[in-house]
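Each remark here refers to the structure printed beneath this line.
A short reminder: the numbers here are calculations on the coordinates, not readings from a lab. The structure presented is a predicted model; accordingly, all values stated were derived computationally and were not measured. Every residue, glycine among them, receives a Cβ derived from its backbone with ideal geometry; neighbour counts consider all protein chains shown.
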């Protein structure tokens with residue numbers, strides 16, 4: 001009998017314990033559920049500009065590209081200037097515009113230029129001598145003309161017996177004056193011919209210098225020496241042959257980024273659109289640039305693809321710590337500052353063919369009518385043409401939101 005009573009007591013205590021434990025679990029669970037419901041039921045209040053920023057970052061995808069030089073400058077050996085006899089740079093060197101690259105040796109060309117200079121100098125000296133001669137003859141003519149004038153006056157006033165001898169002297173002086181005039185005209189004609197000859201000599205000298213030119217060749221760009229063909233040094237290029245370039249320079253005065261954009265994203269970029277460039281290895285390194293070209297024709301892909309891709313090109317702005325040629329970068333097209341307001345589509349309410357959002361004015365919820373524009377299916381956003389600004393605050397629509405209810409506003 002005693003054993004049966006003890007057994008009943010143990011069972012009763014066990015049942016009581018289970019009931020108490022179950023009650024505690026229910027209370028705690030119910031409290032958690034109530035707290036969860038409170039959190040879920042709290043109005044989601046957001047500024048329009050914050051929603052736009054969040055939506056943009058979620059729907060945004062980077063383009064990619066590869067850094068390339070502006071162009072490659074190719075220099076050919078010019079047989080007319082002689083043989084390349086000295087090179088002042090080596091492959092891999094960075095050069096600046098105007099820096100010496102290599103020089104020619106051309107004895108025949110040097111002789112031709114010296115002869116052209118000699119011919120020009122001779123003609124210039126002849127012109128100088130003719131000018132001096134004409135000046136001297138004019139001075140002599142002036143003197144004889146003055147003497148003739150004085151003699152004529154004297155003859156007119158002389159007695160009869162003196163006039164005969166004076167007239168003979170006058171006649172001789174008149175012949176001298178006439179001869180002086182003829183000599184000046186002849187010298188002037190020679191001077192005119194000499195000037196024409198000088199013009200021809202100067203033109204010949206110019207052409208000779210252009211043909212044989214300076215013995216030194218300088219770089220016309222800032223860049224990196226990419227190639228030097230040593231086999232062309234001290235060798236003669238046969239006329240009519242087309243050898244490979246002697247030297248090639250990667251023009252790094254401006255860096256470009258070459259990439260491809262698929263048909264879905266092509267409409268998001270345009271010529272002159274600013275972009276942000278981000279180093280793929282170190283995303284703390286960024287640069288700026290502009291879209292310079294977007295091809296209208298899709299590129300030919302080696303592998304079959306269901307998506308067309310269009311080549312595009314970015315011109316980078318010069319700055320510090322520029323990327324190396326061949327580096328890969330991310331390309332982020334920059335949005336216009338005056339871009340339209342856009343919202344996640346689930347913030348829009350439909351009612352009698354009109355569109356609304358819950359807008360907060362002075363801490364209270366108000367139904368605000370809006371007109372909509374284009375939608376972005378990928379980002380799940382839609383443009384708002386009127387009814388909202390970036391500075392407005394709105395509430396996510398739920399069944400609990402009612403017009404006029406008060407909501408907390410967070411700055």
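Where q = 0.19, 0.20 Å⁻¹, what log10 of I(q)/I(0) comes from the Debye formula for the stretch 257-411, counting one point per Cα? Here the Debye-derived log intensity ratios amount to -1.11, -1.19. Ranking of 264, 88, 356, 312 by neighbouring Cβ atoms within 10 Å, starting from the fewest: 264, 88, 356, 312. Shown for the stretch 108-212 is the translational diffusion coefficient from the Stokes-Einstein equation, using the Kirkwood radius over Cα pairs, a temperature of 37 °C and a viscosity of 0.692 mPa s: 193 µm²/s. Sorting 130-136, 216-222 by average packing, meaning the other beta carbons within 10 Å per residue, from highest down gives 216-222, 130-136. Over all pairs of different C-alpha atoms in the stretch 340-395, the reciprocal of the mean inverse distance, the Kirkwood hydrodynamic radius, equals 11.5 Å.
Taking only the alpha carbons of the stretch 78-131, we obtain Rg and Dmax values of 18.2, 59 Å in that order. Extension gain for the segment residue 118 to residue 290, taken as residue separation times 0.36 nm less the Cα-Cα distance, is 56.4 nm to one decimal. Annotation: extensible slack from residue 299 through residue 334 equals 10.1 nm (criterion: 0.36 nm per residue apart, minus Cα-Cα distance). Report the Cα centroid-to-centroid distance between the stretch 249-308 and the stretch 349-411 in angstrom, as an integer. Between the Cα centre of the stretch 249-308 and that of the stretch 349-411, the gap is 37 Å. Shape descriptor for the stretch 212-279: Rg over Rh equals 1.20 (Cα atoms; Rh from the Kirkwood inverse mean 1/r).
If you rank 369, 248, 161 by fewest surrounding Cβ atoms within 10 Å, what's the result?
Values: 369 13, 248 18, 161 7.
The fewest-first ordering by Cβ neighbours comes to 161, 369, 248.
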